[in-house]
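Since the structure comes first, as structure tokens, the remarks are kept for the end.
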Amino acid sequence: MQPLSGITVLDFTTLLPGPLATLMLAEAGAEVVKIERPGGEELRRHPPYIDGESAVYALLNRGKKSIVLDLKAADAGARLAPLLAGCDVVVEQFRPGVMARLGLGYEAVKAMNPRVVYCAITGYGRDGPRRHEAGHDLNYIAATGLLALSPGPADRPTVPPALVGDIGGGAMPAVMNILLGLRRRDATGEGCFIDIAMADAMFTFAWHALASGFAEHRFPAPGTGRLTGGSPRYQLYPTSDGKLVACAALEQKFWLAFCVAIGLAAPLVDDRVDAAATTAAVAGIIARRTAQEWAPVFAAADCCVTIVTDLEHAVLDPHFVGRGLFAHQVVSAKGTAMPALPVPIDRGFRQAPHAVSTLRPGDHDGMI
């Protein structure tokens with residue numbers, strides 16, 4: 001039996017944050033019923049495609065059921081009432097007030113289902129001056145100071161490779177708080193409202209910079225923090241063949257092992273003297289050899305230094321393959337299979353690896 005077996009989730013979300021949250025709940029055994037507008041949610045039309053179907057939609061909605069319903073229709077509330085009255089969790093991702101105007105807000109649902117755990121995911125939360133402001137991931141990390149810690153050079157600013165706001169500020173906190181809500185309901189019999197603001201958690205990701213600012217009354221300038229480019233111990237160094245070495249030798253024992261492995265001159269090992277000089281010297285040494293030449297050196301030194309691997313090769317790494325990250329599958333309507341999206345749910349809480357067909361609008365036995 002999976003930990004969320006018997007739990008029913010009504011999913012009113014689209015795009016990434018909410019669907020990823022409900023995907024994790026589904027992988028842990030919950031029955032997730034996705035409420036989609038006529039024609040299906042917009043992510044169904046986003047590339048890339050597998051047999052004409054959106055691959056990103058398939059990855060995020062594996063194992064769910066679907067109901068097509070126009071929430072603005074006069075009878076939408078009445079048609080949803082039986083599901084709302086019997087579900088355990090509601091997850092929505094509209095701007096504050098939208099669900100209430102549709103007659104589907106927390107108070108309305110609570111009146112028919114006092115045990116419901118109702119999770120609302122928004123950019124800036126249900127209250128505060130910015131609550132109605134439009135935004136996406138890049139906006140949330142920009143507004144909270146996180147992006148300013150390491151934006152790249154002014155003439156070549158870098159867009160981060162991960163959607164930290166959507167995943168780390170939306171999906172992950174939603175799952176965590178839904179589980180906390182269910183746990184408290186087990187103890188009290190009462191449901192609750194959960195207010196997930198994606199921007200809020202961005203300050204959590206700035207933990208080290210906040211410590212500096214609060215303790216020293218001096219917040220790190222862009223690229224100067226210990227973990228954002230200001231230290232030779234936590235840095236990216238180009239190799240002679242254009243690849244990168246990811247050095248994270250923060251602790252002294254790892255740093256000394258790294259310095260010995262590359263043959264760094266003794267006066268530069270103490271990076272407190274002149275961090276910029278040490279960084280430049282390390283960069284010069286790393287640039288003399290290829291990534292392939294450096295790889296066994298760092299492996300032998302065991303010093304928290306790794307060659308940066310592209311995604312194409314990372315998914316083939318025997319370690320990740322061996323851990324079963326890509327053992328689950330999604331299968332298109334035409335029978336083409338692709339690995340399912342890896343999710344941070346322990347293998348013991350999931351079903352054995354299996355293939356699940358892609359979700360089609362209205363793919364639910366209990367049609368309303």
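The values are calculated or read from the model by the stated rules, or taken from the named source; none is laboratory data. All figures in this text were calculated on a predicted structure; none of them were measured in a lab. Here Cβ is always computed from backbone atoms with ideal geometry, including for glycine, and neighbour counts include all displayed protein chains.
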Can you tell me which of 91, 56 is in a helix (DSSP H, G or I), among the β-branched types (Val, Ile, Thr) and in contact (Cβ under 8 Å) with a residue 12 or more places away in the chain?
56
Would you mind stating whether residue 315 is of a type in the set (Val, Ile, Thr), free of Cβ contacts under 8 Å to residues at least 40 places away in the same chain and either in contact with a Gly (Cβ under 9 Å, 6 or more places away or on another chain) or exposed (fewer than 12 other Cβ atoms within 10 Å of the Cβ) (or both)?
no
Taking segment 207-258 as the region of interest, how many residues are touching a Gly at 6+ places or on another chain (Cβ under 6 Å) and not polar (S, T, N, Q)?
4
Regarding segment 3-19, can at least one residue be identified that is in a helix (DSSP H, G or I) and among the hydrophobic types (A, V, I, L, M, F, W, C)?
no
Collect the residues in segment 117-168 that are of a type in the set (Lys, Arg) and within 20 Å of residue 210 (Cβ to Cβ), keeping them in residue-number order.
130
If we keep only residues of segment 205-224 that are farther than 22 Å from residue 167 by Cβ and of a type in the set (Gly, Ala, Ser), then the residue surrounded by the fewest Cβ atoms within 10 Å (Cβ to Cβ) is 215
Residue 110 vs. criteria basic (Lys, Arg) and either at pLDDT below 95 or not in a helix (DSSP H, G or I) (or both):
no
Tell me whether segment 26-49 contains one or more residues that are within 18 Å of residue 8 (Cβ to Cβ), assigned to a loop (DSSP other than H, G, I, E, B) and in contact with a strand residue (DSSP E or B) (Cβ under 7 Å, 6 or more places away or on another chain).
yes
Of residues in segment 228-243 being of a type outside the set (S, T, N, Q) and surrounded by fewer than 17 Cβ atoms within 10 Å (Cβ to Cβ), the one nearest to residue 134 (Cα to Cα)
236
Looking only at segment 32-47, count every residue that is over 20 Å from the mean Cα position of the chain (by Cα) and surrounded by fewer than 17 Cβ atoms within 10 Å (Cβ to Cβ) and tell me the total.
4
Pick from 148, 120, 85: which is over 23 Å from the mean Cα position of the chain (by Cα), at pLDDT 95 or above and among the small types (Gly, Ala, Ser)?
85
Going residue by residue through segment 145-161, is there one that turns out to be closer than 19 Å to residue 21 by Cα and assigned by TED's automatic domain parsing to the domain that holds residue 95?
no
All conditions in (1) at pLDDT 95 or above; (2) surrounded by 15 or more Cβ atoms within 10 Å (Cβ to Cβ) are true of residue 332 except (1)
Looking at (1) more than 18 Å from residue 50 (Cβ to Cβ); (2) in contact (Cβ under 8 Å) with a residue 40 or more places away in the chain; (3) in the same structural domain as residue 63 (by TED's automatic domain parsing); (4) not aromatic (Phe, Trp, Tyr), can you tell me which one residue 347 breaks?
(2)
